[in-house]
Each structure stands twice: as structure tokens, then as C-alpha cells.
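The values are calculated or read from the model by the stated rules, or taken from the named source; none is laboratory data. Since the model is a prediction, treat every value here as computed from it, not as a measurement. When we count neighbours, we look across all protein chains shown, and the Cβ atoms used for this are built from the backbone with ideal geometry, even at glycine. The area values use the complete protein model at the heavy-atom level, side chains included, leaving out ligands, DNA and RNA. Shrake-Rupley method; radii C 1.70, N 1.55, O 1.52, S 1.80 Å.
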Amino acid sequence: MSRIVGLLVIVTLCATGATCTRAQGWQHVGNVQDVEKRNDGVVLKTGAAKIEITFFRPGIVRVRVGPSGTFPQNASWAVIQGAKSPVVMIKDSKEEVLIADNEAVVRVKKNPLLINFEDLQGNTTLADEPSLPMAWNGERVRVWKQMPLLENYYGLGDHPGTLNRRNRAFTLWNTDSYAFQESTDPIYKSIPFFIGLRQGTAYGVFFDNAYRTNFDFGLESPFYYTFGSEGGEINYYYFAGPDPKKIVQRFVDMVGHTPLPPYWSLGFQQSRYSYYPEARVYEVAKTFREKKIPLDALYLDIDYQQGYAPFTVNRAYFPHFEQMIGDLSKQGIHTVLITDLHIKHDPDNHGYFPYESGAKADAFVKKADGSLYVAPVWPGPAVFPDFTLSRVREWWGTLYKDFVGMGVSGFWNDMNEPAVFETPTKTMPLNNRHRLDDGTTLPHPAVHNVFGMQNVRATHDGLLKLRPNERPFVLTRAAYAGTQRYAATWTGDNISTWNHIRMSTPIMLNMGLSGYPLVGSDIGGFAGSPPADLLTRWLELGVFNPIYRDHTGKGSQNQEPWENTPDQEATRKQYIELRYRLLPYIYTAMEETSRTGTPLMRPIFLEYPQLTDFYTDERDFLFGRDLLVEPVVTEMIDAEELKFPTGTWYDFRSPAKFTEKEQVTTRPRLDEVPLFVRAGAIVPMQPVIQSTSEIPVGSLELRIYPGDDCRGSLYQDDGHTLNYESGEFLRVTYSCAVSAETVTVSSKVETAGYTPWWSEVDAKIFGASSAPKEVRIGDQKVSDWQYDDAEKAVVIHIKDARKDWSAMVRY
């Protein structure tokens with residue numbers, strides 16, 4: 001159907017009284033009557049309304065609508081303010097207003113007011129739907145945009161289902177969604193940011209509105225998409241491309257970066273609801289160490305608490321709680337405690353400090369009539385801190401003092417949508433009021449989607465005050481845009497099914513594209529018990545997730561790696577060990593993430609936006625820039641096809657190499673995960689350790705895969721303090737040059753502010769069809785090398801590797 005016919009259908013529907021936005025009381029913006037120029041953009045008048053179009057930063061345009069001619073206070077829970085606005089070019093003519101900087105152009109048509117975004121070559125990247133200008137209806141606001149036929153959409157946080165959001169609609173309203181399915185909507189997080197991608201060209205949109213919002217990418221009409229909310233304002237940002245990676249970086253620059261996490265949090269984590277009594281905790285830790293299966297963290301769920309009251313300890317279950325924390329620490333095992341945000345309502349028992357101190361500080365959420373809001377959660381009747389107040393956040397942070405003093409390493413803020421029991425909405429009443437520092441209040445709908453964010457903000461900031469030079473580790477279930485500044489996250493209460501392992505990858509990829517890179521899923525599934533093969537496959541996949549946590553619910557079978565058969569245990573151990581061998585590569589990539597926002601786990605199109613075949617690929621992904629993961633997420637009845645991006649890709653476990661032109665099918669054994677390395681990659685690895693507290697024994701291994709754009713890097717620091725912010729880190733860059741007869745590998749120390757555990761390097765150069773004729777380190781011919789015919793690799797031992805060096809192989 002042509003676009004003209006589609007518009008005629010819309011007009012016909014309006015004329016016949018069928019559903020039509022113009023017939024439902026919407027008031028659309030009209031013709032531009034006045035243009036007020038500013039250094040950063042324009043303010044347009046249309047009737048009583050004003051529309052502000054400004055460049056927030058280079059390549060980022062902000063659009064705001066004030067229906068009554070005024071704009072609310074310029075505040076955001078997500079956006080980091082303070083950036084200097086650019087000076088832009090403005091050209092006002094009879095028909096349109098043109099606003100531009102060096103990276104983007106905004107073309108505003110005046111009659112009626114329509115906003116089109118263009119690149120510097122004049123190509124339209126995003127345009128208003130001509131028949132449906134921006135509009136409001138009472139408290140509701142809405143925007144309509146043209147939807148080109150080949151355009152695809154990604155982001156919006158943790159909604160299940162397909163990677164591509166096209167032809168689906170979504171609601172953003174943080175919701176406790178136990179055992180969610182593909183069609184469940186909404187679930188735990190609200191991140192109103194998405195990327196549009198068409199034939200290699202991308203743009204981004206962030207609708208900064210914390211009310212219940214919704215996005216419709218083609219269900220209402222095949223010709224436009226639409227987004228809006230039930231309150232707040234039209235306040236959205238356009239991000240110029242054309243590179244999708246650049247858009248993610250710009251968005252993260254705006255809403256905040258994920259801090260470099262503690263090194264231990266990238267190791268293997270074991271959890272369940274619940275490990276108790278303390279003898280069971282000791283047993284699990286002992287078994288990991290006896291079986292030499294690496295482990296860095298054990299989680300304690302709500303059963304460690306007295307009556308499920310946060311910040312308490314059940315001394316019947318854990319009589320030596322403090323000693324247990326210390327004993328685990330001595331084994332290199334960090335303890336993570338759950339601390340839900342609800343506080344037990346306990347006015348008659350004068351011994352529960354969180355309630356007593358919170359009540360004295362007037363810290364809890366109130367109902368519309370000003371009385372205390374009390375509702376049932378895990379401890380029974382509970383109250384909820386008013387995290388929108390800075391003084392309440394500061395109070396909350398102090399509650400961690402005793403646990404921090406015991407040596408607890410991390411904290412898990414669950415149930416923070418906020419979840420409430422025995423209510424049809426699963427949350428608190430919409431007419432509850434939340435107080436702000438300026439003395440005003442907001443209704444719950446204005447705060448609901450940021451409540452969990454402010455909860456983990458309070459936890460994160462409180463831990464920094466209690467341990468000023470230690471990186472906090474906080475895990476959250478609920479989030480809004482920008483929550484990555486304070487906490488890692490996971491995908492919520494999933495199910496032990498093959499469908500859920502398959503769904504986990506597109507959810508995490510979209511989280512990374514939404515600016516939230518430090519994410520994992522409940523490996524093995526939270527609800528139910530996985531078949532043995534499923535648990536093995538999930539533990540294999542988890543190696544390549546940013547957060548690697550095995551977690552299950554009450555009533556399920558044991559889900560530790562040694563369950564089921566010895567063969568299953570051996571395979572799981574092998575892959576957990578692979579995670580630890582890859583930690584130098586993973587930590588280096590996470591440091592890049594903390595600086596740039598580029599996620600560790602990324603869809604293939606993020607690096608190869610021109611390859612449209614990968615726009616809907618939900619199985620395969622890149623782990624960092626150089627590792628291609630094609631995991632098994634089905635029961636493997638039929639052989640599956642392997643697909644490769646542009647260039648040559650080395651098999652991680654064999655000498656085989658593949659290109660995008662090859663047709664390859666595979667039926668991997670249970671102990672096999674198709675894993676490939678980009679030709680041109682240099683991947684640092686280390687010997688197996690049992691935890692990140694253990695110093696590896698041996699040399700750093702550099703795996704060199706000769707090819708175009710041959711490079712790699714290594715970042716290391718002490719792994720737990722903030723000293724890296726003052727230069728106490730090591731950064732090494734590696735490169736290789738390839739000719740017909742030689743491969744030369746070079747190492748350059750960029751920053752030497754930290755002394756690593758290694759002093760020697762084994763440089764392993766792949767793709768060698770025969771033993772070399774000559775090997776040199778610097779100018780010296782050496783004999784300290786080996787040729788591995790099975791792997792087709794040359795290994796050169798570099799003894800003094802903490803300084804700059806080069807090595808050459810001649811064939």
C-alpha cells in the first residue's frame with residue numbers, strides 16, 4: 001500500500017467515527033506564529049502553546065512542549081546537567097525554520113508545526129507524521145513519527161520477546177513480573193530510549209518522562225510509530241548518528257556511565273532463595289573449593305533475616321553470622337546480602353532500629369491524606385522510605401554500617417519497583433505523595449518508575465560514605481534511565497525453560513543498547529528446575545554475560561554446578577574456568593564500557609551496522625569487540641547455521657577459519673559452544689584461578705590472531721579501590737603487522753601506574769601453517785619459542801614484558 005493510500009485510510013477512519021487520535025480529544029500543535037531565537041535553538045509559539053527546540057549538546061537536540069505557554073522546572077532524574085550548550089546556526093524563513101550545528105540539522109515546517117531531523121547531507125533521518133503533530137489530552141501527551149518500511153527499533157530496557165521492537169507495543173511501568181513470558185508487558189524496568197536503524201544509518205530518541213509511558217512501533221499503524229505518557233511533558237531528545245555505537249555513547253554521556261565495577265563481581269556468583277542455615281552456606285563454599293570450581297560470590301536471600309525484616313539477622317539460622325562472613329572472605333568468597341527497600345512496620349517492638357530511626361526522621365511515604373502508608377510485603381505490614389528526599393537517602397545509607405563492618409561485600413536491592421503484596425496493581429496507590437527537597441510533592445505516578453533508581457542511589461552513595469575508597473557493588477531489579485550509575489542489574493524472575501535461555505540474550509542486548517551494560521540473568525532459571533542439559537547450556541552461555549550468577553527459587557532442585565552427572569559437572573567447570581581465563585579481556589572491555597558506554601555484550605550490528613542480516617539475529621552476539629558467540633539455546637534437534645560478520649573469524653578451539661561467505665552448519669556436543677575470534681584481534685588471558693583474590697601463577701597469555709586492523713589492549717588495576725581515578729592503573733596497547741613472510745607483534749605501555757601480577761608474557765600467534773624460520777625479540781634472534789602443529793600456532797616467551805617490546809616471526 002502506498003503512503004498516500006495509508007493517509008487516506010486515516011482520514012477515512014476519522015470521517016466514519018472509528019478510532020482516530022484526532023477524534024479522541026487530542027489537541028495538536030498548530031501553525032507557528034512566532035519564532036524566538038536563542039544561542040542554542042528556538043522557542044516557537046503556536047496558539048497558547050510554546051515549543052522549545054534546542055541543541056543540548058553537539059548532535060543532541062531537545063524538544064519540549066508547554067501547552068499553556070510555560071515549561072515546568074528544568075529537572076530530570078536521568079539527565080546529568082551542566083554541559084555547555086552549543087552555539088547553533090538558525091535560519092528563519094516564511095515556510096520553515098532551520099536549526100543546525102556541525103552534526104545535525106533540524107528542519108521545522110511552520111504550517112502546521114512539524115519537526116524533521118536531517119544529517120548534514122540533507123537526508124531525513126526522523127520526521128513527524130504529517131497527519132498527526134504532537135498533541136496533549138488533559139494530562140496525557142503524545143508524539144507521532146513516520147516509520148519507514150525498512151527501519152528497525154532497539155532498546156527500551158528489559159522487555160522480553162524479540163530483539164527488534166518493530167511491530168510491537170510496550171508499556172514502561174516498573175512491575176513485579178514473576179515468571180514473565182515473551183508477551184508479558186510491562187516488567188521490571190523503564191528506560192524510554194530507543195535506536196532506529198535503517199540500512200546502516202541510525203538515530204536515537206530518549207523520551208525523558210518518568211510517568212507510565214508507552215511506545216507503539218507499528219501496531220496502531222504500519223506507517224508511523226508513536227510514544228507518549230499518562231502525565232508529565234513532551235520532553236524528548238534526538239541523537240544524531242549515523243553510527244549506532246556513537247548513539248549509545250552519546251546517550252550514556254547524557255544519563256551517566258556505569259562505574260568500573262569491583263573485579264570480583266565479574267567472577268562466578270552462586271545464589272539461591274535461600275541458603276540457610278549457616279551450615280549449608282559453609283557446605284556450598286567448601287564444595288566449590290574442594291571440587292576446584294572457581295567462585296567469587298555467595299548470595300544470601302531473605303531467609304538470613306529475622307522475620308524477613310531488612311537489616312536483621314536470624315540468629316537461630318546464623319548464630320555465628322559475623323564469623324561466617326569472615327571465613328568466606330578468607331576463602332576468597334565475597335558475600336552479597338539482600339536488603340529489600342521495605343521496612344517492617346514495627347511500632348510496638350522498640351528494638352528494630354530501621355523502623356525506629358526512620359519513624360523519628362519522618363522518612364516514610366505518606367498517603368494522600370498525610371497519614372503513614374503501610375502495606376504488606378515479605379515481613380508483613382511494611383513502610384517505604386521516601387527516597388525522593390535526599391535526607392532519607394542519606395539515612396538509608398547509614399543502615400548498612402553494621403553489615404559493612406562485618407565485611408559484607410555487596411548488596412542486593414530487590415522488590416524495588418516498588419512491589420506490594422495483596423494489591424491488584426502489585427504496587428502502592430497512585431494517590432500516595434512523595435516529597436521533594438524543595439518542599440513540594442509529587443503523586444506516585446510521577447515517581448513510580450524512578451523509585452527503585454533512588455533506592456539504589458541511596459545504597460550506592462551510603463556505601464561510598466561508609467567505605468570511601470571501595471567500589472560499591474549493588475544489584476537492582478527495578479530501574480529508570482541512568483540507574484546504571486549506581487547498580488548492576490539482572491532480568492528478574494525468569495523460568496527454567498529453553499525458551500527463557502533463548503530470551504535472555506535479546507533482553508540483555510537491548511539493556512546494553514539502553515545504556516545499561518552491567519546485566520545478567522538468573523542462570524538456570526529462577527522458577528522451576530532445569531533439565532541437566534539446560535543448566536549446562538545456561539552456564540556455558542553465562543560465561544559471556546556481564547554478570548555471571550546462578551540463581552534459583554525456593555522449592556526448586558539444587559542448582560550448583562556439580563549437580564546431575566560427573567560429565568555435566570566437568571563441562572560446567574570447564575566453562576567457569578574459561579570465564580576466569582578470560583578475565584583480563586573482560587576487565588579490559590568493562591573499563592572501556594565505563595568510559596564510553598559501549599556494552600560488553602553487544603549485538604553484531606553495533607560493530608557492523610551495514611550488515612542487515614544481523615538486524616534480527618537474537619542468538620548470536622559479540623562479547624567485547626573481538627569474540628563472536630553463537631550459543632546453543634535450543635535442545636538441538638536439528639543442526640544450526642553459523643553466521644559470520646565481515647572478515648575472517650578464527651575458531652577459538654581449533655585452527656579452522658571462516659568468512660562471511662561460507663555456509664556452515666553445526667550440531668555442537670554438550671561441551672561445545674561455537675566461539676570465534678576476529679582476525680586482527682589480540683586477546684589477553686590468564687591461568688585458571690579459584691577466585692579473583694588469588695594471584696595467577698605463570699605468564700600472561702596474549703592470543704594473537706593475525707588479520708586486518710590487528711590490535712588489542714590490556715587494562716589492570718587493584719580491582720577494588722578508586723585509586724585508578726588518580727592514575728593507579730596499567731594500560732598496555734598491542735598491535736601486529738602482517739606481511740607475506742612475517743608477523744610482527746608490538747607492545748606499548750601507555751600508563752604504568754600499577755604493577756600487575758605478571759612479569760612475563762607468552763605471545764601465541766595463530767594461523768601459522770608451519771614452524772617459523774626465524775623468531776626475534778627486538779633485534780635479537782631467539783630460540784625461546786615453540787610451534788604447536790595441532791593449533792597452528794607459534795608461542796614466543798617474552799621475559800621482561802612490563803616494558804615496551806616487539807617480536808617478529810619469519811616464515
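Quick notes
- Length-normalised contact order of the chain in % [C-alpha pairs under 8 Å, at least 6 apart]: 10 percent
- Euclidean distance between Cα centres, the stretch 645-672 to the stretch 427-448, Å: 54 Å
- For the set TRP396, TRP562, the ranking by accessible area, highest first and with no ligand, DNA or RNA atoms included, is TRP562, TRP396 under a 1.4 Å probe.
- Additional length obtainable on full extension of the chain from ASN558 to LEU149, 0.36 nm per residue less Cα span: 142.4 nm
- Estimated FRET transfer efficiency when R0 is 41 angstrom, pair VAL374-GLU322 (beta carbons, to 0.05): 0.80
- Note on THR171 and THR596: their simple-model spin labels are 3.9 nm apart, each label 7 Å out from Cα toward Cβ.
- Computed with every protein chain present, the accessible area of ILE234 is close to 0 Å² [probe 1.4 Å].
- Debye-sum result for the stretch 493-583 in log10 I(q)/I(0), which assumes one identical scatterer on each alpha carbon, at q = 0.23 Å⁻¹: -1.16
- Inverse of mean 1/r across different Cα pairs in the stretch 50-120, Kirkwood, Å: 13.3 Å
- Surface share of carbon and sulfur [accessible, 1.4 angstrom probe, percent] for the stretch 631-732: 48 percent
- The trypsin sites (Lys or Arg not before Pro) found in the stretch 122-227 include none that occupy coil by DSSP while having at most 15 further C-beta atoms within 10 Å.
- Loop-located trypsin sites (Lys or Arg not before Pro) in the stretch 585-671 (DSSP state other than H, G, I, E, B) with a sparse environment of at most 10 neighbouring Cβ atoms within 10 Å: LYS661, ARG669.
- For the chain, the membrane-span-like helices by this rule, meaning whole DSSP H stretches whose C-alpha atoms cover at least 20 Å of axis and whose Kyte-Doolittle mean is -1.0 or above, are 444-466, 498-513; this says nothing about an actual membrane.
- The residues of the stretch 532-586 present an accessible area of 26 Å² per residue when probed at 1.4 Å with all protein chains retained.
- The trypsin sites (Lys or Arg not before Pro) found in the stretch 507-580 that occupy coil by DSSP, while having at most 13 further C-beta atoms within 10 Å, are LYS554.
- Among 374-386, 99-111, 407-419, the order from most to least packed when residues are scored by Cβ within 10 Å on average: 407-419, 374-386, 99-111
- Efficiency of FRET between VAL35 and ASN102 - r from beta-carbon atoms, R0 22 angstrom, step 0.05: 0.50
- Extension gain for VAL87-LEU466 works out to 132.2 nm (0.36 nm per residue, less the C-alpha to C-alpha distance).
- Over the stretch 667-811, relative contact order from alpha-carbon pairs under 8 Å, at least 6 apart, %: 21 percent
- Binned Cα-Cα distance frequencies in the stretch 753-811 - 5 Å width, integer %: 4, 18, 29, 22, 13, 9, 4, 1
- Using θ = phi - 60° in the Karplus curve 6.51 cos²θ - 1.76 cosθ + 1.60, the 3J(HN,Hα) couplings for the stretch 147-155 round to 10, x, 4, 9, 7, 10, 10, 9, x Hz; x is entered for Gly and Pro.
- For the stretch 222-237, Karplus couplings with θ = phi - 60° (6.51, -1.76, 1.60), whole Hz, Gly/Pro x: x, 10, 8, 10, 8, 9, x, 8, 8, x, x, 10, 6, 8, 10, 10
- Aspartates and glutamates with Cα under 17 Å of LYS94, excluding same-chain neighbours fewer than 8 positions away: ASP34, GLU36
- log10 of Debye I(q)/I(0), alpha-carbon scatterers only, for the stretch 557-645 at 0.10, 0.23 Å⁻¹: -0.37, -1.16
- Extension reserve of the ASP671-THR634 stretch, reckoned as 0.36 nm per residue once the Cα distance is removed: 11.9 nm
- The stretch 306-429, relative contact order in percent, only Cα pairs under 8 angstrom and at least six apart counted: 30 percent
- For the pair the stretch 72-136 and the stretch 337-374, the centres of their Cα atoms are 46 angstrom apart.
- Three-way shape call for the stretch 659-811 based on the alpha-carbon gyration tensor, with the a/c threshold at 1.5: oblate
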